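K.L.:
Dropping a structure here in structure tokens format, bear with me for questions.
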């Protein structure tokens, strides 16, 4: 006689109180204050025009600081994950600094972003899984600005799939790099690419890194380590991210499209940006309120850019080459304050 297989009913077991997780409810308000500073030190930057070299920044340092304060109000959530929220760009500005380069115009993008003071509603499409974006009833702006915004700013991608304890390590998607260095998407100051060119002269735009950073082109390894639990002013998990990344980004098509937007015709045969980045980022995670509490870290690396292209200048065609080498440094900090709508 065959016996029936043994059937055991196990209750759902939630993650332990020591495992970091995300849990939001409708009504929660989350204020995030970000500051991301990038410093690019150029060892050499030389453009060659028809066989003649011109220095355009060798030995110079360029820095840019993005200061961003956004207030998210959760409108709807499923299983602790927001499916709709209102984001107010309380403050959004860029501060740039670069030494002058003789014979070259350095475009300054310092100032407040056009998004500052505006409100945007993000809604998750349950069927397609994509986020829609629209200005709230008190805001208006360009549709293109909405397309450049990223909904995710909660750093949930650093969390493991299951339960973890102090001392554990796990892999994190490389996409976390963009979340850290371009929080909320592109909110930079918009600048007019046009310049006044004297009669008989020609304007040459020196190419470089993409405006959005091209972070999705990076490959490598990001490892999270559950370092410790801190008990001061609450209960926090200290998670240390170690990043070892590199990127080879072909910018030919993108640069030709940018030239077309300026009303110029440029034919690129080469535009290769090679970068490396490594370092540590420390994330403190609220184990009671269930959200990221702060971020602090520094990433450093090297960068080279080689480009060759041709432009029309009157009745002649100019052949151009550009070579750039230097070092990179990014400093990231974030503070989070959340009220209401939490899950215990």
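The values are calculated or read from the model by the stated rules, or taken from the named source; none is laboratory data. What you are looking at is a predicted structure, and each value in this text was computed from that prediction instead of being measured. Glycine also receives a Cβ, built like all others from the backbone with ideal geometry; neighbour counts cover every protein chain displayed.
K.L.:
From the list 282, 332, 295, pick out the single residue that is touching a residue at least 24 places away in the same chain (Cβ under 8 Å), touching a helix residue (DSSP H, G or I) at 6+ places or on another chain (Cβ under 6 Å) and either surrounded by fewer than 16 Cβ atoms within 10 Å (Cβ to Cβ) or under 30 Å from residue 232 (Cα atoms) (or both).
P.N.:
Unique residue meeting the criteria: 332.
K.L.:
If you don't mind, another one. Could you tell me which of the residues 159, 243, 180 is touching a helix residue (DSSP H, G or I) at 6+ places or on another chain (Cβ under 8 Å), modelled with pLDDT of 90 or more and surrounded by 15 or more Cβ atoms within 10 Å (Cβ to Cβ)?
P.N.:
After applying the criteria, what remains is 243.
K.L.:
Here's something else I'd like to know. Name the pairs: first residue in the range 97-114 and at positive phi and surrounded by 13 or more Cβ atoms within 10 Å (Cβ to Cβ), second residue at pLDDT below 75 and assigned to a loop (DSSP other than H, G, I, E, B), Cβ to Cβ under 9 Å, at least 6 apart or on different chains?
P.N.:
111/189
K.L.:
Take the range 24-53 and flag every residue that is surrounded by fewer than 17 Cβ atoms within 10 Å (Cβ to Cβ) and within 11 Å of residue 323 (Cα to Cα).
P.N.:
43, 44, 46, 48, 53, listed by residue number.
K.L.:
May I pose another question? State whether the residues of the range 143-154 include one that is part of a strand (DSSP E or B) and either touching a strand residue (DSSP E or B) at 6+ places or on another chain (Cβ under 9 Å) or farther than 30 Å from residue 16 by Cβ (or both).
P.N.:
Yes, some residue in the range 143-154 is part of a strand (DSSP E or B) and either touching a strand residue (DSSP E or B) at 6+ places or on another chain (Cβ under 9 Å) or farther than 30 Å from residue 16 by Cβ (or both).
K.L.:
Within the range 194-210, does at least one residue satisfy the condition of being touching a helix residue (DSSP H, G or I) at 6+ places or on another chain (Cβ under 7 Å), modelled with pLDDT of 90 or more and assigned to a loop (DSSP other than H, G, I, E, B)?
P.N.:
Scanning the range 194-210, I find no residue that is touching a helix residue (DSSP H, G or I) at 6+ places or on another chain (Cβ under 7 Å), modelled with pLDDT of 90 or more and assigned to a loop (DSSP other than H, G, I, E, B), so the answer is no.
K.L.:
Regarding residue 233, is this residue surrounded by fewer than 19 Cβ atoms within 10 Å (Cβ to Cβ) and touching a helix residue (DSSP H, G or I) at 6+ places or on another chain (Cβ under 8 Å)?
P.N.:
Values: surrounded by fewer than 19 Cβ atoms within 10 Å (Cβ to Cβ): yes; touching a helix residue (DSSP H, G or I) at 6+ places or on another chain (Cβ under 8 Å): no.
So residue 233 fails the test.
K.L.:
Tell me, please, whether a residue that is surrounded by fewer than 18 Cβ atoms within 10 Å (Cβ to Cβ), without any contact (Cβ under 8 Å) to a residue 24 or more places away in the chain and in a loop (DSSP other than H, G, I, E, B) can be found in the range 80-87.
P.N.:
Scanning the range 80-87, I find no residue that is surrounded by fewer than 18 Cβ atoms within 10 Å (Cβ to Cβ), without any contact (Cβ under 8 Å) to a residue 24 or more places away in the chain and in a loop (DSSP other than H, G, I, E, B), so the answer is no.
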